[in-house]
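Here is the structure we will look at, set down as structure tokens.
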Number of protein chains: 2
Amino acid sequence: MLTDIEISRQTKHRPITQIAEQFGITSSELVPFGDAKAKIKLSILKRVDDNLEGKLVIVTAVTPTPFGEGKTVTSIGLTQGLNALGKRACACIRQPSMGPVFGIKGGAAGGGYSQVVPMEELNLHLTGDIHAVSSAHNLAAAAIDARLFHESRMAADEYRELSGQTPLNIDPEKILWRRVVDHNERSLRNITVGFGDNNGPIHDSGFDITAASELMAILALSLDLKDMRRRIGQLVLALDTQGQPITAETLGVAGAMTVIMKDAIEPTLMQTLTGDPCLIHAGPFANIAHGNSSIIADRIALKLADIVVTEGGFGSDMGFEKFCNIKTRVSGKTPDAAVVVVTLKALKANSGIESQNDINQPDMARLQAGFANLKWHIDNVSQYGAPVVVAINRFPTDTDEELEWLKARVLKTSAFGCEVCDGFSQGAKGAEALAGVVVSATEQESDFKFLYQLDENIESKLLTIAEAGYGAKGISLSQDAKRQLREIKSMGLDNLAVCVAKTPLSISHEPKVKGVPTDFELPIIQLKINAGAGFITALVGKVMTMPGLGIKPGYLNVDINEDDEIVGLA
Amino acid sequence: MLTDIEISRQTKHRPITQIAEQFGITSSELVPFGDAKAKIKLSILKRVDDNLEGKLVIVTAVTPTPFGEGKTVTSIGLTQGLNALGKRACACIRQPSMGPVFGIKGGAAGGGYSQVVPMEELNLHLTGDIHAVSSAHNLAAAAIDARLFHESRMAADEYRELSGQTPLNIDPEKILWRRVVDHNERSLRNITVGFGDNNGPIHDSGFDITAASELMAILALSLDLKDMRRRIGQLVLALDTQGQPITAETLGVAGAMTVIMKDAIEPTLMQTLTGDPCLIHAGPFANIAHGNSSIIADRIALKLADIVVTEGGFGSDMGFEKFCNIKTRVSGKTPDAAVVVVTLKALKANSGIESQNDINQPDMARLQAGFANLKWHIDNVSQYGAPVVVAINRFPTDTDEELEWLKARVLKTSAFGCEVCDGFSQGAKGAEALAGVVVSATEQESDFKFLYQLDENIESKLLTIAEAGYGAKGISLSQDAKRQLREIKSMGLDNLAVCVAKTPLSISHEPKVKGVPTDFELPIIQLKINAGAGFITALVGKVMTMPGLGIKPGYLNVDINEDDEIVGLA
């Protein structure tokens, strides 16, 4: 079989203006970036306001493994399959971060015959949104330090006179706003800034990956430009020497940050290998952020399509939980069905059984033991009230015996349906069976329930997520977290949602504990105020907000060839 | 009169596809980014290879002052004026950096009725090239530190086995490659990275503004994608523990860096207020880098236009010198005429006479004293052999008496001609007289001479620039610079060009010395190898490669208004 980039390149994509027109987007609502991608102006939302809304399908997965479960492959394959069945279906996915693209994972455009094309345009700059987020984020960081610098060099009166501003008295030890870069940059995790003559004050800082920026969450959760402006104004950047919050509004930088992100708020239209529409917008990771593409993209797609397929990052304990408890709460649009992606390999790897055997070989004992993880995710998703369809993403080495056993076993659970999906090697055709079941699922009654209510206090919300969302016995709070909890209460932010930052590699906080962890307490290490995004981030265990490059980094393979084409992506 | 952004917004720009077509660019050579800007594919160079080349006019200026001399206003006005006279003229300018845009200066789109439109698209992300440069630059920085990290954690044999790579033994104290961000970020000038468990080794680093990245110079000097790939491979990123250079090629990151900059190599087409073509490409500053837009943009424009107007940053000692001695040497295209922009205010401010009088008021004594600076720049430009035209950029407060005196005085110098230009308030019409003289100038014989030859050694080249380029008595080398000179010789890089990084605010290295400094020695503090760009940067005096935000930063004024429009830019 051809590689992803070969398949992407040999398939002549259709002009994006055609894709748009066919999907119901007028040319005046489209801002083409070349012939393969285009931004969609938000003015469309007004025009299509009276359209009926389509069904929303959220794709999630079992606990991820190093083999890759193919959630995006399945989402794109499903979208292609739905269109093949005559439905107007659109995929809504996140923009890939260049960190993983050049780090280890390769691209995030799907793969095989279920891809968004051209994959290199999706995986690199796309239409510049991530760059805009980085730039806006780092302007705020520069603004904080510039303010510190100028105020530190003169008396308050003089500062007032020269600047026309009131001194803010930022506490250099209480700067909450770090910096971001869209790379895997281990060495920038913790830095000290301000050395040299007249560059101070010296203080600690650090970089997160851009996907972890609160601005990325804001981009994904904003309803329109004014809402984004309002949220950016609320960002808490630092505390002053009295411990009072200093926002982007107070610092006077919220307007400029919004201006930098003014185009980023428009989703980007691309297409699948079969010419079906795909909206790409925002890219928060699901371990360190809320892990879902934007509300704006969903809204546009829902007004134009019969079915919209979107995905939450990592397993259902991660992106799906946040989809339900964070994104849905803002958007008001609850899921009509959920797809849980699984592979035979993922179940074997989640079995907890050590084995020297090739994971591609049949091994019913490991498969059966690993099934518990899938069962847990089915139950976890089911508790939110939408019908669950399990998609078994097929690999060439999979045996019919194992696939049949798994399907039969799934059908004995609370899942609405289960199908093998072979979108990777067969494209739309390989996903038609799954598409059929998903359509039926969306026609069922759905009785959506949030896991927690916003008017509970933060501690209670955390306890609910830990117990009902992860199967923990309870939570423990570090001294830091307890102090931060008091600060949050005193700022009146107790009614925000909660976004848990934890390892995606286990349902628990211990990456090595596979299967269905029980008998554990969730350790809350830190609480971070995201007043702009509208949630409190709870760091659980040791969570990296900045990845590092591995010993065999992906960038080693990437180059241009004799024909000036890109090689080595994905 | 309306503000720049009001004029920009009230002028309905024409579809960029029309501008392109009229300029001779086919639709298959164009990659539109919306309807106001488009990238031009490099395939055009092959198609137009047989076209006759147009004339190249380089716009420079007297020593800059805080009042702004209006070099871009004049370049754009001149382009509009030339087109009004029936010439096919195109402007080639640099992409503005967001650092100054949100710092102090505002935009760089020209101003008044001589602007590139829409100015906010030029001043913000444009088509993403600066972001691409930042990203490629910082990937290399991440790659160096990741390599250091992995090699430091295990024995050489183990590293070899796990990574499949040969250990490089990078010396963490000899990392030459800093990081970049496109903001004014004083606090990041000098930082220490690598703190925390498993994030090391700890070492010093720092950020420059992206315009100062060697990649920005490479973008501006590359002839095609393969040439850019080759140059990126030659970047010297660090020294190993034996003092040997480690290049981007050795580190295995050159291919990925090129891939990140693959679209950036295509210039962006925009238009002036009167619908004339303007190519925007690359953005090196002229104080800390070579300060000229790209060779590729010039080449495309020269094949399609009768006259191409480009500009070198700051005064003629800065961008113009580098245009001649660095850019022209690579491109092979020498200037057919040079325009020196001056204002009455600039001469008064350069007079060296302290005065409490409003600089907008007539003051013949100061004007006459300040004339020496203009005379120096005319002579400086003349020595390169192209005819010199002086453009007096008119301000509303200028009196006819002073303007006439200045024009008459200029005509007694070696300048070919002199005209008052009022492109700012009158657009094309205000620049027609200047355009007429410039056309005549380009019809003169031009006898271009480099200031130095590449086969002289670095010290000799520096001496020539100091003496013939700045009027210095000689140069002095710091201990650092002497050591670096020896390193450069031992690496066989003695035949590279020289790019002087010095203050633009004086012809000398002392920003406060106005007029025509004499009797000074140029202190070379540091020499920096730019093997990819193909020059040695000589830091003269205290030169900042990262600006800082002022006490009244520009971002304070920038916001969106009720109609979701940008306010406060420029």
- Message: Quick check on the stretch B:47-70. Is at least one of its residues within 14 Å of another protein chain (Cβ to nearest Cβ), among the β-branched types (Val, Ile, Thr), surrounded by fewer than 22 Cβ atoms within 10 Å (Cβ to Cβ) and at negative phi?
- Response: no
- Task: Please go through the stretch B:473-504 and pick out each residue that is touching a strand residue (DSSP E or B) at 6+ places or on another chain (Cβ under 6 Å), basic (Lys, Arg) and surrounded by fewer than 13 Cβ atoms within 10 Å (Cβ to Cβ).
- Result: B:LYS473
- Hey, could you check the stretch B:486-531 for residues that are part of a strand (DSSP E or B) and of a type in the set (S, T, N, Q) and say which is farthest from B:ILE232 (Cα to Cα)? B:GLN526
- Within the stretch B:14-32, of all residues that are surrounded by 18 or more Cβ atoms within 10 Å (Cβ to Cβ) and either assigned to a loop (DSSP other than H, G, I, E, B) or in contact (Cβ under 8 Å) with a residue 40 or more places away in the chain (or both), the one nearest to the other protein chains (Cβ to nearest Cβ) is B:VAL31
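Quick check on the stretch A:505-526. Is at least one of its residues more than 14 Å from chain B (Cβ to nearest Cβ), closer than 27 Å to B:ALA143 by Cα and either surrounded by 23 or more Cβ atoms within 10 Å (Cβ to Cβ) or touching a residue at least 12 places away in the same chain (Cβ under 8 Å) (or both)?
Keep residues of the stretch A:505-526 that are more than 14 Å from chain B (Cβ to nearest Cβ), which gives A:505-526.
Now drop any that are not closer than 27 Å to B:ALA143 by Cα, which leaves A:505, A:511.
Then drop every residue that is not either surrounded by 23 or more Cβ atoms within 10 Å (Cβ to Cβ) or touching a residue at least 12 places away in the same chain (Cβ under 8 Å) (or both), which leaves A:505.
The answer is yes; a qualifying residue exists.
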- Note on the structure: A:GLU121: passes all of (1) within 14 Å of chain B (Cβ to nearest Cβ); (2) surrounded by 24 or more Cβ atoms within 10 Å (Cβ to Cβ); (3) over 17 Å from the mean Cα position of the chain (by Cα); (4) assigned to a helix (DSSP H, G or I) but (2)
- Flagged pairs (Cβ under 8 angstrom, 6 or more apart or on separate chains; first in the stretch B:371-392, closer than 18 Å to B:GLU404 by Cα; second surrounded by fewer than 24 Cβ atoms within 10 Å (Cβ to Cβ) and among the aromatic types (Phe, Trp, Tyr)) are B:VAL389/B:PHE416
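Please indicate, with yes or no, whether at least one residue in the stretch A:419-430 is assigned to a loop (DSSP other than H, G, I, E, B) and touching a helix residue (DSSP H, G or I) at 6+ places or on another chain (Cβ under 7 Å). Spell out how you get there, then give the answer.
Step one: list which residues in the stretch A:419-430 are assigned to a loop (DSSP other than H, G, I, E, B), which gives A:422, A:427.
Of the ones still in play, those that are also touching a helix residue (DSSP H, G or I) at 6+ places or on another chain (Cβ under 7 Å) are A:422, A:427.
Yes; the residues of the stretch A:419-430 include at least one that is assigned to a loop (DSSP other than H, G, I, E, B) and touching a helix residue (DSSP H, G or I) at 6+ places or on another chain (Cβ under 7 Å).
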- Item | Single residue of the stretch A:532-553 satisfying the filter (part of a loop (DSSP other than H, G, I, E, B) and among the hydrophobic types (A, V, I, L, M, F, W, C)) that is modelled with the lowest pLDDT | A:VAL543
- Query: Taking the stretch B:283-313, which residues are assigned to a helix (DSSP H, G or I) and either among the aliphatic types (A, V, I, L, M) or within 13 Å of the chain's Cα centre (by Cα) (or both)?
  - Reply: B:ILE295, B:ILE296, B:ALA297, B:ILE300, B:ALA301, B:LEU302, B:LEU304
- From the list A:ALA109, A:ALA136, pick out the single residue that is crowded, with 24+ Cβ neighbours inside 10 Å, aliphatic (A, V, I, L, M) and touching a Pro at 6+ places or on another chain (Cβ under 8 Å). A:ALA109
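Consider the stretch B:238-260. How many of its residues are part of a loop (DSSP other than H, G, I, E, B) and either under 18 Å from the mean Cα position of the chain (by Cα) or buried (at least 24 other Cβ atoms within 10 Å of the Cβ) (or both)? Can you show your working first?
Pass one, the stretch B:238-260, residues part of a loop (DSSP other than H, G, I, E, B): B:241-244, B:252-253.
In the following step, the residues that additionally are either under 18 Å from the mean Cα position of the chain (by Cα) or buried (at least 24 other Cβ atoms within 10 Å of the Cβ) (or both) were identified as B:253.
Matching residues across the stretch B:238-260 total 1.
Would you mind stating whether A:GLU53 is among the acidic types (Asp, Glu), part of a loop (DSSP other than H, G, I, E, B), within 26 Å of A:GLY430 (Cβ to Cβ) and under 25 Å from the mean Cα position of the chain (by Cα)?
So A:GLU53 does not fit the description; no.
I'd like the full set of residues that are more than 7 Å from chain A (Cβ to nearest Cβ) and among the aliphatic types (A, V, I, L, M), limited to the stretch B:165-181. Walk me through how you get there before you give the answer.
Quick first cut of the stretch B:165-181, residues more than 7 Å from chain A (Cβ to nearest Cβ) only: B:165-180.
B:LEU168, B:ILE170, B:ILE175, B:LEU176, B:VAL180 - these are the residues of the stretch B:165-181 that are more than 7 Å from chain A (Cβ to nearest Cβ) and among the aliphatic types (A, V, I, L, M).
Of the residues A:ARG179, A:ARG186, which is over 18 Å from A:GLY283 (Cβ atoms) and out of contact with any Cys (no Cβ under 6 Å at 6 or more places or on another chain)? Full working, then the answer.
Numbers: A:ARG179 fails: over 18 Å from A:GLY283 (Cβ atoms).
The conditions single out A:ARG186.
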- When restricted to A:LEU162, A:LEU148, the only residue surrounded by fewer than 24 Cβ atoms within 10 Å (Cβ to Cβ), at the interface with chain B (Cβ under 9 Å from one of its Cβ atoms), touching a strand residue (DSSP E or B) at 6+ places or on another chain (Cβ under 7 Å) and part of a helix (DSSP H, G or I) is A:LEU148
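Somewhere in the stretch A:471-478, is a residue in a helix (DSSP H, G or I) and touching a residue at least 40 places away in the same chain (Cβ under 8 Å)?
Of the residues in the stretch A:471-478, the ones in a helix (DSSP H, G or I) are none.
For the stretch A:471-478, residues in a helix (DSSP H, G or I) and touching a residue at least 40 places away in the same chain (Cβ under 8 Å): absent.
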- (1) within 14 Å of chain A (Cβ to nearest Cβ); (2) outside any helix (DSSP H, G or I); (3) under 26 Å from the mean Cα position of the chain (by Cα) all hold for B:ASP35 apart from (3)
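Looking at A:THR247, A:THR272, which one is within 30 Å of B:LEU556 (Cβ to Cβ), away from chain B (no Cβ under 14 Å) and modelled with pLDDT of 95 or more? Before you say what the answer is, go through the steps one by one.
Working: A:THR272 fails: within 30 Å of B:LEU556 (Cβ to Cβ).
Exactly one of A:THR247, A:THR272 is within 30 Å of B:LEU556 (Cβ to Cβ), away from chain B (no Cβ under 14 Å) and modelled with pLDDT of 95 or more, namely A:THR247.
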- Message: Could you check the stretch B:168-182 and list, in sequence order, the residues that are surrounded by 17 or more Cβ atoms within 10 Å (Cβ to Cβ) and in a strand (DSSP E or B)?
- Response: B:ILE170, B:ASP171, B:PRO172, B:ILE175, B:ARG179, B:VAL180, B:VAL181
- the stretch A:56-81, subset of a type in the set (Gly, Ala, Ser) and in a loop (DSSP other than H, G, I, E, B), residue modelled with the highest pLDDT: A:GLY70
- Message: Restricting to the stretch A:183-198, and then to whatever is surrounded by fewer than 22 Cβ atoms within 10 Å (Cβ to Cβ), in a loop (DSSP other than H, G, I, E, B) and facing chain B (nearest Cβ under 7 Å), can you tell me which residue is farthest from the chain's Cα centre (by Cα)?
- Response: A:GLY196
- Looking only at the stretch A:102-139, which residues are hydrophobic (A, V, I, L, M, F, W, C) and touching a Phe, Trp or Tyr at 6+ places or on another chain (Cβ under 9 Å)? A:PHE102, A:LEU126, A:LEU139
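What is the residue count in the stretch B:127-144 for residues that are at the interface with another protein chain (Cβ under 7 Å from one of its Cβ atoms) and either without any contact (Cβ under 8 Å) to a residue 12 or more places away in the chain or in contact with a Ser or Thr (Cβ under 6 Å, 6 or more places away or on another chain) (or both)? Spell out the reasoning first.
Restricting attention to the stretch B:127-144, the residues satisfying the condition of being at the interface with another protein chain (Cβ under 7 Å from one of its Cβ atoms) are B:128, B:131-132, B:135, B:138-139, B:142-143.
The next check asks that each one be either without any contact (Cβ under 8 Å) to a residue 12 or more places away in the chain or in contact with a Ser or Thr (Cβ under 6 Å, 6 or more places away or on another chain) (or both); those that pass are B:142.
Number satisfying all stated conditions: 1.
The values are calculated or read from the model by the stated rules, or taken from the named source; none is laboratory data. None of the values given here were measured: they were computed from a predicted structure. Cβ atoms come from the backbone with ideal geometry, glycine included; neighbour counts cover every protein chain shown.
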